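Below is one structure; the comments refer to it alone.
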Amino acid sequence: PSFLLLCFRTSLATLLIFGLLLQPQLAQLSIIRQPNIVLLMADDLGIGDVGCYGNDTIRTPNIDRLAKEGVKLTQHIAAAPLCTPSRAAFLTGRYPLRSGMDAINNYRVIFWNGGSGGLPPNETTFAKILQHQGYSTGLIGKWHQGVNCESRNDHCHHPLKHGFDYFYGMPFTLISDCQPTETPEMDRVFRRKLWLYTQMICLVTLTAALGRLTDLISVHWRTLTCLAGFSLLFFVSWFSSYGFVRYWNCIMMRNHEVTEQPMVTDRTTSLILRESISFIERNKHKPFLLFLSFLHSHTPLLTTEKFLGRSHHGLYGDNVEEMDWMVGQVLDAIDKEGLKNTTLVYFASDHGGWLERQEGNRQLGGWNGIYRGGKAMGGWEGGIRVPGIFRWPGVLPADTVINEPTSLMDIYPTVVHLAGGILPQDRVIDGRDLMPLLRGTAEHSDHEFLFHYCGIHLHAVRWHQKDSGAIWKAHFVTPVFHPPGAGACYDRGFCPCSGEGVTHHDPPLLFDLSRDPSEAKPLSADTEPLFNTVIGKIGRATEEHRRTLTPVPEQLSLYNVVWKPWLQPCCGTFPFCWCDKEGDN
């Protein structure tokens, strides 16, 4: 019995010692289950502008270091080729037309801080889920998902209503109007249409009033009052687009408070960087989500004097190199706080580079490498294929390249899973959890099909035929380039989604991206034996996809995008909106 008792005690001691030895590892696992998450998103950056994606003249050592220490995705796809819809898809994990955030007309982004459209309050962002999981959540930089719905202070579309505990940045987007020395960028076509609509409504109102006064037309005074109100609204919107854009759109906010109106562009970069590092320092003792949404490299290319003239690509290259430096500063802050091994860092762009953005001989937009097309083009690769890099030392393999199709929408389920959250069950989530693919436990992406929209118009569909490795892409609609063969719509400034500026293809243009990533040689039934099989497969998948779509309110309708004075964020007494609280500090 004493021998058995001795064995029992020895075994028990061994188990206790073994348990104590395992305790740090178990603690480490619990930390890894809720890592810090830092999402870095560039604005209008082309995939060809980054060193690790083939650029050897613009220096991006910090972004390249992320790729060297982590996983680089070569087929990372934006859900839309413009800012507002692409970011809506990124935040919700859903194609933007599911939330009404893609265009039914030519107004494809949010045009005013004082508009009523924006990311609907009933959408659940990844920030909201992580907030419920105990994360501190912060958004620094660009929002461009709307501000108010019905009154100046309802903030129904504001980041704080969508799961962010802290916001500092632009509720709108950077435009050349924000820089007094630059040529105004606010859509000239939009202004012309606004003036046309104003004249038409005024004409109808005057006709109805004269008819009522002369008894030729039976019109109720209430109807006349409504028509007069619409006339005034459209006139004020048109008038405000001249000279007032800088005061209405180029503002900075901290949470709900307007801090600069108009923004002081000379210090914007330093303030955004300071706020980002401060957020990391304040929240280092608990899990945090930082979404750093750069204003770089959108025009007017705000660049500090330190970086001017440093690159071989003029102001645009200078701006990209400054953004890379900012990335390095954020990574250094993570290292300084000892958070490198417990922080997932992600870098991407919201869509492809803007080919048409030029002034004289100056190219102010990005370069999309070997890929055809660019910003605003929903089908061509140059508009939607973007950089995608993940780093998480000790969890993700270093210096790894993955050629599988992935989407910006995949960030949603990936970070929700890592935070221990549950995906919404009452709606379609189009993103897929990337962790198995990133860690190497899955060979292929979970995406079999990806649908490429331009506004609400389906322009192309991608089919990943996993058994053969082929990546087929069928184009149903393509933009008409001008001049012919130029590769962009230089006559318009943006390629349209519909109308006279596009070509419809029946049968569709078909490419195998695994053999022809530049989409230079369309296949046909004569040159590709599987042509009809592939087109049939894509057609059936498209029909199945369309059955999952349900009607929702259009956030980018003409009424929602037009400027409304009662919704305009203002730091004074409207319309005398001016302040510089950062300067006062």
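Obtain the nm distance between the two label points defined at residue 526 and residue 558 by a simple spin-label model: each point lies 7 Å from its Cα along the Cα-to-C-beta direction.
4.6 nm
Starting from the Cα of residue 468, step 7 Å toward the Cβ, then list every residue of segment 514-533 with an amide N under 11 Å from that point.
Label zone hits: 528-533.
Using Cα positions and a limit of under 16 Å, work out the aspartates and glutamates in reach of residue 306, with same-chain residues fewer than 8 apart set aside.
Output for residue 306: 266, 318, 321, 322, 324.
Out of all DSSP beta bridges with both ends in the chain, state the antiparallel percent to the nearest 5. Present the calculation step by step, with values, prior to reporting the outcome.
Working: 39 of 68 bridges.
If we restrict to bridges inside the chain, about 55 percent are antiparallel.
Among 363-369, 573-579, what's the highest-first ranking by average C-beta atoms within 10 angstrom per residue?
Top to bottom by mean Cβ count within 10 Å: 363-369, 573-579.
Pop a pseudo-label 7 angstrom from the Cα along the beta-carbon direction at both residue 285 and residue 427 and give the gap in nm to one decimal.
Those two pseudo-labels are separated by 3.5 nm.
Which lysines, if any, have their Cα less than 19 Å from the Cα of residue 340, not counting same-chain residues under 8 positions apart?
By straight Cα distance, residue 340 reaches 68, 72, 284, 286.
For n ≥ 4 DSSP H runs only, could you compute -39500 (n - 2.57) per run for the chain, divide by its residues and tell me the 222 nm figure to the nearest 500?
Mean residue ellipticity at 222 nm (helix-derived): -10000 deg cm²/dmol.
For residue 564, which aspartates and glutamates qualify as cross-link partners when the Cα separation must be under 16 Å and same-chain residues fewer than eight apart are set aside?
By straight Cα distance, residue 564 reaches 150, 154.
For segment 60-202, which whole percent of the accessible surface, found with a 1.4 angstrom probe, sits on carbon and sulfur atoms?
After summing per-atom areas, the C and S share lands at 55 percent.
With helices defined as uninterrupted DSSP H runs, which ones in the chain have an alpha carbon span along their own long axis of at least 18 Å and mean Kyte-Doolittle hydropathy of at least -0.5? Each step should come with its number before you reach the end.
Working: long enough: 2-33 (45 Å, 1.39); 188-213 (37 Å, 0.63); 221-240 (28 Å, 1.22); 268-282 (21 Å, 0.27); 314-336 (33 Å, -0.22); 531-546 (22 Å, -0.69).
Once both thresholds are applied, what remains is 2-33, 188-213, 221-240, 268-282, 314-336.
Can you tell me the length gained on complete extension of the stretch residue 154 to residue 542, counting 0.36 nm per residue apart and subtracting the Cα distance?
The residue 154-residue 542 span can extend by a further 135.8 nm.
Using the Cα centre as the reference, give the magnitude of the dipole from point charges on the C-beta atoms of the chain (Lys, Arg: +1; Asp, Glu: -1; all else neutral), rounded to the nearest 20 debye. Kindly include the intermediate steps, with their values, before the conclusion.
Details: 52 positive and 57 negative charges, 189 e Å.
It comes to approximately 900 debye.
Applying a 10 Å radius around every beta-carbon, put 97-103, 398-404 in order of their mean neighbour count, most first.
Values: 97-103: 25.7, 398-404: 14.3.
Per-residue Cβ counts within 10 Å, averaged per peptide and sorted highest first, yield 97-103, 398-404.
Among 547-554, 347-354, what's the highest-first ranking by average C-beta atoms within 10 angstrom per residue?
Values: 547-554: 10.9, 347-354: 28.1.
In descending order of packing, they fall as 347-354, 547-554.
The values are calculated or read from the model by the stated rules, or taken from the named source; none is laboratory data. No experiment lies behind these values; they were computed from the predicted model shown. When we count neighbours, we look across all protein chains shown, and the Cβ atoms used for this are built from the backbone with ideal geometry, even at glycine. Heavy atoms of the whole protein, side chains included, go into the accessibility calculation; ligands, DNA and RNA do not. Shrake-Rupley method; radii C 1.70, N 1.55, O 1.52, S 1.80 Å.
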